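Student: Have a look at this one.
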Amino acid sequence: MALLLGACSALPDKPVRAALYDFGPGALTSQPSTRLASLPPIALAHISTAGGALDNQAVLYRLGYDDAQQLRPYSQARWSMPPAQLLRQRLRDVLSRNRAVLNAGEGPALNRSVNQGVLPRVLQLDLEEFSHFFESPGSSVGLVRLRATLVEPTPTGEKLLAQRSVTVQRPAPSADAPGGVRALTAATDAAIDEIATWLQQVP
């Protein structure tokens, strides 16, 4: 019996499953299905990244006070999908509140049908930074940096209409993965609001 108990105690612990995060449920009330869009339609391209760390589901952090150039993953936290996909989903939800949002490069006939026979403008985004940034051991923020480019499809190619860099940070309520996720969600929502306002100002 003693040998049996000793063997059981030597068994490895069950692996701990990483916590899975996203940006939350979004708006909890649906918009009227018969509501007419007040702004012209827009086509949303896939959000590009520099590759590598931002193309997976790791929740990343940086220690600004100790080698800020190193991206570190939280071992027990994961996004439900890569950050660029989460951001695109959230952006689409927000822009859809007052305009039709289409997928760039898909269904040209559909794109023309909702924009009086011409292809709508295309919004392109480059996600450059998406991390829980520690300014000190006790002070951290969710940091989002991206570049937005608005182009118009023409018979000879894309015409650049406007471009804007957006950098947003929001304080983290705690110095851990859950705090970083909350801060990054708030920073993402603020960045999206800034982009939505900017799109309305581009002639």
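Student: Of the residues Leu146, Leu95, Leu161, which single one is surrounded by fewer than 18 Cβ atoms within 10 Å (Cβ to Cβ) and touching a strand residue (DSSP E or B) at 6+ places or on another chain (Cβ under 6 Å)?
Tutor: Of Leu146, Leu95, Leu161, the one residue that is surrounded by fewer than 18 Cβ atoms within 10 Å (Cβ to Cβ) and touching a strand residue (DSSP E or B) at 6+ places or on another chain (Cβ under 6 Å) is Leu161.
Student: Among the numbered criteria (1) open to solvent by less than 50 Å² (accessible area, probe 1.4 Å); (2) at pLDDT 95 or above; (3) within 27 Å of Thr197 (Cα to Cα), which single criterion is violated by Leu102?
Tutor: Tallying (1) open to solvent by less than 50 Å² (accessible area, probe 1.4 Å); (2) at pLDDT 95 or above; (3) within 27 Å of Thr197 (Cα to Cα), Leu102 fails exactly one: (2).
Student: Still on this model: Any chance the range 78-91 includes a residue that's modelled with pLDDT under 95, surrounded by 19 or more Cβ atoms within 10 Å (Cβ to Cβ) and part of a strand (DSSP E or B)?
Tutor: Within the range 78-91 (the criterion being modelled with pLDDT under 95, surrounded by 19 or more Cβ atoms within 10 Å (Cβ to Cβ) and part of a strand (DSSP E or B)), the answer is no, since none of the residues qualifies.
Student: Also, quick follow-up: Taking the condition out of contact with any Gly (no Cβ under 6 Å at 6 or more places or on another chain) and assigned to a helix (DSSP H, G or I), does Val122 pass?
Tutor: no
Student: Sticking with this structure for a sec: What do you reckon, is Gly52 surrounded by 10 or more Cβ atoms within 10 Å (Cβ to Cβ) and either in contact with an Asp or Glu (Cβ under 8 Å, 6 or more places away or on another chain) or modelled with pLDDT of 70 or more (or both)?
Tutor: It is false that Gly52 is surrounded by 10 or more Cβ atoms within 10 Å (Cβ to Cβ) and either in contact with an Asp or Glu (Cβ under 8 Å, 6 or more places away or on another chain) or modelled with pLDDT of 70 or more (or both).
Student: Only residues that are open to solvent by 10 Å² or more (accessible area, probe 1.4 Å) and not hydroxyl-bearing (Ser, Thr, Tyr): list them for the range 133-143, please.
Tutor: Phe133, Phe134, Glu135, Pro137, Gly138, Val141, Leu143
The values are calculated or read from the model by the stated rules, or taken from the named source; none is laboratory data. Computed from a predicted model, the values in this text were never measured in an experiment. Every residue, glycine among them, receives a Cβ derived from its backbone with ideal geometry; neighbour counts consider all protein chains shown. These area figures cover heavy atoms from the full protein model, side chains too; ligands, DNA and RNA do not enter into them. Shrake-Rupley method; radii C 1.70, N 1.55, O 1.52, S 1.80 Å.
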